[in-house]
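Chemist: Below: one structure in structure tokens.
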Amino acid sequence: FTETTSASGIRALGFDKPRSSGGPTGIYASSATYGHQGFTGTCFWVDPKYDLIFIFLSNRTYPTRQNTTLIRERLRQRLQDLVYEAVGATTPR
């Protein structure tokens with residue numbers, strides 16, 4: 001349920017997968033990573049290669065749906081990269 005059906009796919013049967021560049025995960029997330037990013041900004045990513053789980057709880061829609069700070073500042077991706085750096089898992093995919 002974590003394998004994509006095509007080489008360019010970003011969705012598996014049960015979860016999202018990281019893109020080859022950019023996208024919802026940080027730059028250090030391995031290709032084995034799977035997870036989900038929801039509309040309100042909450043996300044979780046599991047990386048079995050590094051035995052790492054990243055969970056980010058938020059409310060992107062506060063105070064209004066027009067709040068784009070999380071997207072514009074790439075806050076989730078930057079925080080995820082800091083976690084990978086803290087555990088020494090710094091090989092970009």
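The values are calculated or read from the model by the stated rules, or taken from the named source; none is laboratory data. Since we're looking at a predicted model, the values are computed, not measured. Glycine gets a Cβ as well: all are built from the backbone with ideal geometry, and neighbour counts include every protein chain shown.
Chemist: Inspect all residues belonging to segment 19-34 and state whether any of them is within 14 Å of the chain's Cα centre (by Cα), buried (at least 18 other Cβ atoms within 10 Å of the Cβ) and outside any loop (DSSP other than H, G, I, E, B).
Modeler: Start the filter on segment 19-34 by keeping residues that are within 14 Å of the chain's Cα centre (by Cα), which leaves 19-34.
The next check asks that each one be buried (at least 18 other Cβ atoms within 10 Å of the Cβ); those that pass are 24-26, 28-29, 33-34.
Applying the additional criterion that residues be outside any loop (DSSP other than H, G, I, E, B) yields 34.
Yes - at least one qualifying residue is present in segment 19-34.
Okay, residues lined up against (1) touching a helix residue (DSSP H, G or I) at 6+ places or on another chain (Cβ under 6 Å); (2) without any contact (Cβ under 8 Å) to a residue 24 or more places away in the chain; (3) farther than 21 Å from R93 by Cα:
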| residue | (1), (2), (3) |
| --- | --- |
| I10 | no, yes, no |
| D16 | no, yes, no |
| S30 | no, no, no |
| G41 | yes, no, yes |
| R60 | yes, yes, yes |
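Chemist: Among the residues of segment 61-71, are any on the phi < 0 side of the Ramachandran plot, within 14 Å of the chain's Cα centre (by Cα) and not hydrophobic (A, V, I, L, M, F, W, C)? Don't jump to the end; show me each part of the working.
Modeler: First pass over segment 61-71, keeping only residues on the phi < 0 side of the Ramachandran plot: 61-71.
Within this subset, residues satisfying the condition of being within 14 Å of the chain's Cα centre (by Cα) are 70-71.
With not hydrophobic (A, V, I, L, M, F, W, C) added as a condition, the list becomes none.
No, segment 61-71 has no match at all.
Chemist: How many of the residues in segment 75-93 are outside any helix (DSSP H, G or I), out of contact with any helix residue (DSSP H, G or I) (no Cβ under 9 Å at 6 or more places or on another chain) and surrounded by 14 or more Cβ atoms within 10 Å (Cβ to Cβ)?
Modeler: The number of residues fulfilling the criteria is 1.
Chemist: Restricting attention to segment 46-61, which residues are over 11 Å from Q77 (Cα atoms) and outside any loop (DSSP other than H, G, I, E, B)?
Modeler: Passing the criteria: V46, D47, L52, I53, I55.
Chemist: If I go through segment 18-28 residue by residue, how many of them are out of contact with any helix residue (DSSP H, G or I) (no Cβ under 8 Å at 6 or more places or on another chain) and closer than 17 Å to V87 by Cα?
Modeler: 0
Chemist: Before we move on, is G22 on the phi > 0 side of the Ramachandran plot and either at pLDDT below 95 or of a type outside the set (S, T, N, Q) (or both)?
Modeler: Yes, satisfied.
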